[in-house]
Structures are given as C-alpha cells and as structure tokens.
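To start, the structure itself, in structure tokens.
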Amino acid sequence: MALVKAGVVVLDCSEPERLAVFYKELLEAEETDATANRVEIRGADGTRLAFRRDVNATPPSWPRPENALQAHLDFVVEDLDEAERRVVGLGGRPLETKEAPGPFEARCYADPAGHSFTLRLVPSTAPKQG
C-alpha cells in the first residue's frame, strides 16, 4: 500500500469561497470540505481542487514575466466555444499568449482570482478524412 495517497491541487487566493464557486460551476463539482480558510471540491470525474485563504495572495501575471507562473491547470473539453462562454459567464477571462497552439487546440484563461488555466480540445477519435 502506498505511503502517500493521491493529493489535491491547492490554489492560494484571498477569497477561497468565491473561487470555489467558480470551479464548482465550471467542473460541475461538489464541495467536499470547508473550513474558515480552505474549501475543497471534487469534480464529477474525480478532479480534486482546494482553495486556501492567503490575504497577501497576488494573482500571477502569466504569460508576462513580472510574477512567474505559480500554478497552471489544464481541463479537457469537447467544445471550446461552449466552454469559453461558460468560463466568461462565471467570471473568468481569456488570456492572450504568444505560444498559443491555435484556436482549434487550446485556449488560456484566468479564473476570477487570476490563476491561469487551459481548456484543451479532446482529440477526435474519428478516422482522418482525406
């Protein structure tokens, strides 16, 4: 039996309750634990995230170099346009990046607290045409 079991990705932010709501809606997740300084959620697919209160938290500036990337999340989606509408509707914002792989593969965003994440298109399993 493993000594260390699966962990959880924790994002520091000034308002963990607010950030948890964003990700609960985005991932159709449920809240699994909450204290005065931390909220944890689990998505339908088992993805576990937690949000820890840090009153001195500053949002990362990625992709700008002033404040290095602190964490980056990737989520797989089937429809980038639909997923983008949902992200923006929940308070996220698109990020402009120099190395963006193209509009059909992935798009980068910031959550309401400024943490960056990517929505990646699920690769098609259908045979190539032509």
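Figures for the structure shown
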{"read-out": "Sites T32 and D81 - FRET efficiency at Förster radius 30 Å, r taken between beta-carbons, to 0.05", "value": "0.50"}
{"read-out": "Projected label distance in nm at R52 and E96, using a 7 Å step from Cα toward the beta-carbon", "value": "3.4"}
{"read-out": "Computed label-point distance, nm, for sites E15 and R120 using a 7 Å Cα→Cβ extension", "value": "3.1"}
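Read the figures in this text as sums done on the coordinates, not as results from a lab. Remember, predicted model here, so these are calculated numbers, not experimental data. FYI the Cβ positions are ideal-geometry reconstructions off the backbone, even for glycines, and counts take in every protein chain you see.
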